[in-house]
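Here is the structure we will look at.
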Amino acid sequence: MTTTLPDRDRDHDHDREPAEDGPPAASDPIARDTLPAPRGASRRLLGSLLRPHRGKVALGAFLLLTQQAAVQAGPLLVAYAIDSGVPAVRDDDNGPLIAVAVAYVVCALGAGLLRYTFIQAAARINQGMLLDLRGRIHRHAQALSLDFHDRYTSGRLISRATSDVQSLRELLNEGLQELLVILVSVVYIGALLCYLDPGLGGAALLSFVPLYLLVRGYRRRSAERFGKRSTAIASVIVQFAETLNGIRPVKAFRREEANDARFDRLNRHHGRVNADTVLEMGRFIVLSRLVAAVAVAAIVLWGAQRVRSGDLELGALAAGALYVRRLYDPMDRFAMILNNYQSAVASLEKIAGLLAQRPDVPEPERPVQLPPRAAGRPGREVVFEDVRFAYRTGGEVLPRFSLTLPAGRTAALVGATGAGKSTLAKLLARFYDPTEGRVLLDGTDLRDLSTAELRRGVVMVTQEAFLFSGTVAENIAIGKPDATREEVERAAKAIGAHDFIASLPEGYDTDVRKRGGRISAGQRQLVAFARVLLADPAVVILDEATSSLDIPGEKAVQDAMETVLRGRTAVVIAHRLSTVEIADRVLVMESGRIVEDGTPADLIAGTGRFSDLHRAWRESLARHGSPPPGLDGRAGRGRGC
Ligand SMILES: Nc1ncnc2c1ncn2[C@@H]1O[C@H](COP(=O)(O)OP(=O)(O)O)[C@@H](O)[C@H]1O
Ligand SMILES: [Mg+2]
């Protein structure tokens, strides 16, 4: 056996399951669970987790070595009692036997005390390591770019931070301590047996050969099964998370049954894989007990022969038998520990793979500060310079283009779904970096700005208007964490959100996730706008920020939007004509290209795509009164999920 972390085979075939009774086949992204990590990454991760606890680790090692010395003195004392104590009693000398008894009790007490201290030290180390690891996973998952999150589902991230950390915790809290105890005791027992009688020691060591082969075979088979098991449990978690993340579309499309069937399949697969690991363990336990029993019987028989021939003391044989028993006793537990160990190694590898991922949108090594915004000059200039862009998972979305957005102006971006509007916006917010070319903010490449500076410079608001758990005031203050309550209220008032916030059960202190704190889509959008106003970025991007709203809500949001845009460079991805009308300039996109570019009035007067759209919109308004279709031909509202 070995305590080092094996570099398990690099090909992660075990992640691919038969489509029939397993999780979905490799084509399904859920099935691909293990990210490639550089060789030895798990070991380095473990090392880096342990490093801060070096002192405690050394103390733990010392406690363990001393404790095991006290424990393993037992049989030796028995041998001494039989071979020297008992004969002395026959000669009316109780001294040696009493001395042995006292030593026995002292050793037992000392061992108990040392074990207790050891467990405490180990628990502290484990707590520290797991705390650190969970923190790292969370920090790292947040730091990774959207490009990563496009491909790696949140369910898988959650299973890294929960079930994988849990399996490591099990190993650290239970398995590893016992494994170390077993290792130290085997060394001590081997040495003591050899000291008692080299023949006995040799025989005991020899019996380790079949045991070693057994352990080796078991480890190989169970490694494979544990890889499968941890992938299987991850698939279950992923499916669960997906159902819940998409609970609205699930309801809307009555997907419950299909989801249930899928979950059931994954769940059953997990059960089967789990049963496999248990069976494998059962086989190991039975076989190792058999080896142990045969070894003890053989050693006692052989020892008895030698006692008869006067070659071995009776006490030494008794101690030898006790030691050999002790040698094999932990083998049952050993299988369990090995299981823990396997699953922890599989988990650690997955975590290491995740932590080895580098963000595709890295922080610059030498971040550049933007010069302060000149007073009286609103916003900053944005330049797309020979930019091309392709998502990793698809073909080119934006062919080479250049575009200058002067400071303080509002550009409306219109075009059919899939034209690339959001993609362009995401490049400007630096959610992604261009494949080629540069995006410049007042002449500085976005890639050279620190994350903090970038977030101050550019803010993007999307249709979802996500609210974080916390109060309404906290949600507004996300744009400026050190804002005072007055500033928060001023922003809310400017946006026109104050009245509805004041009418909530606890006003600005209403928890948005609690009952009564339920906020409509339009109100959420107002909170999001107040957030932007408080953050006061130079550039603001609104990606269909109003398209999920109903008409009465829209007027308020429209006013709020104009407040937000004032004094900034703005890109508004517009779904409605009313939104476009407030822009200085309209960009019409088609298949990643800007096909029209001009003032709204010019484009309407022309004969291009925008003038067609505009006419259709007007006609529809005249026919139906309301609501108009969106500029990309979709219904104007109620797109629901
Ligand atoms: N995360 C992504 N990964 C791969 N392809 C994407 C991703 N997001 C969008 N796309 C693709 O890029 C194209 C442009 O999408 P998008 O910019 O969202 O269009 P729009 O906002 O104009 O509707 C589409 O073909 C879409 O399928
Ligand atoms: Mg879009």
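Here the simple spin-label model places points 7 Å from the Cα toward Cβ, and for Asp536 and Thr162 these points are separated by 4.2 nm.
Rounded to the nearest 5, what % of DSSP beta bridges with both residues in the chain are antiparallel?
Numbers: 19 of 39 bridges.
The answer is about 50 percent antiparallel.
State the extension gain, in nm to one decimal, for the chain segment bounded by Phe466 and Leu301, taking 0.36 nm per residue of separation less the distance between their alpha-carbons. Display every interim value, and only then the final one.
Numbers: separation 165, 0.36 × 165 = 59.40 nm, distance 7.59 nm.
Result for the pair: 51.8 nm of gain on full extension.
Counting only alpha carbon atoms, the long axis of helix 54-80 and the longest principal axis of the chain meet at about 20°. Only Cα pairs under 8 Å and at least 6 apart count here; give the relative contact order of the chain as a rounded whole percent. After rounding, I find 14 percent.
Between His138 and Ala61, with labels modelled 7 Å along Cα→Cβ, what's the label distance in nm to one decimal, could you check? Spacing of the two 7 Å Cα→Cβ label points: 3.2 nm. Fully extending the segment from Thr607 to Asp499, taken as 0.36 nm per residue of separation minus the present Cα-Cα distance, adds 34.4 nm.
At 0.36 nm per residue, and after removing the present C-alpha to C-alpha distance, how many nm does the segment from Val187 to Arg623 gain when stretched out fully? Walk me through the numbers before you get to the answer.
Details: separation 436, 0.36 × 436 = 156.96 nm, distance 9.11 nm.
Between Val187 and Arg623, full extension yields 147.9 nm more.
Here's the list of lysines a cross-link from Lys350 could span, going by alpha-carbon distance under 22 Å and ignoring same-chain residues fewer than 8 apart: Lys228. Can you return the lysines within cross-link range of Lys421? Criterion is Cα-Cα under 25 Å, with same-chain partners fewer than 8 residues away left out. Once the sequence-local lysines are set aside, what remains near Lys421 is Lys555. Going by neighbour counts of Cβ atoms within 10 Å, the residues Asp83, Asp92, Asp329 line up, fewest first, as Asp92, Asp329, Asp83.
Label the stretch 382-624 by shape, choosing from rounded, prolate and oblate, from the square roots a ≥ b ≥ c of the eigenvalues of the Cα gyration tensor; if a/c is under 1.5 it is rounded, and otherwise prolate applies when a/b is larger than b/c, oblate when it is not.
Details: a/c = 2.03, a/b = 1.33, b/c = 1.53.
Here the stretch 382-624 falls in the oblate category.
Between Leu301, Leu146, Leu171, the Cα set farthest toward the positive side of the dipole of the stretch 41-355 (charges on each charged residue's Cβ, about the Cα centre) is that of Leu146. The long axis of helix 331-355 is offset from the longest Cα principal axis of the chain by roughly 30 degrees. In the chain, excluding the sites themselves, the longest stretch lacking any of the GluC sites (Glu not before Pro) that are in a DSSP loop with at most 16 other Cβ atoms within 10 Å is 21-364. Here the dipole of the chain is about 220 debye; that uses its Cα centre as origin and unit charges on the Cβ of Lys and Arg (positive) and Asp and Glu (negative). Determine the shape class of the stretch 331-370: with a ≥ b ≥ c the square roots of the Cα gyration tensor eigenvalues, call it rounded for a/c under 1.5, and otherwise prolate if a/b is greater than b/c, oblate otherwise. Because a/c hits 1.5 or more and a/b exceeds b/c, the stretch 331-370 counts as prolate. Hey, what angle do you get for helix 609-624 against the long axis of the chain, alpha-carbon based, 0 to 90 degrees rounded to 10? Once rounded, one gets 80 degrees. Between the residues Thr243, Ser48, Gly202, the greatest Cα displacement towards the positive end of the dipole of the chain, with unit charges on the Cβ of Lys, Arg, Asp and Glu, is found for Thr243.
Spin-label model, Asn274/Thr393: points 7 Å from Cα along the beta carbon direction are separated by 2.9 nm. Name the shape class, rounded, prolate or oblate, that the alpha-carbon gyration tensor gives for the stretch 41-355, where a ≥ b ≥ c are the square roots of its eigenvalues, rounded holds for a/c under 1.5, and otherwise prolate holds if a/b is larger than b/c and oblate otherwise. Since a/c reaches 1.5 and a/b is larger than b/c, the shape of the stretch 41-355 is classed as prolate.
Using every pair of separate Cα atoms, the Kirkwood estimate puts the hydrodynamic radius of the chain at 30.3 angstrom.
Throughout, read-outs are computed from the coordinates displayed, never taken from laboratory work. As the structure is a prediction and not an experimental result, all values here were calculated from the model. Cβ: placed from backbone, ideal geometry, glycine included. Neighbour counts: every protein chain shown.
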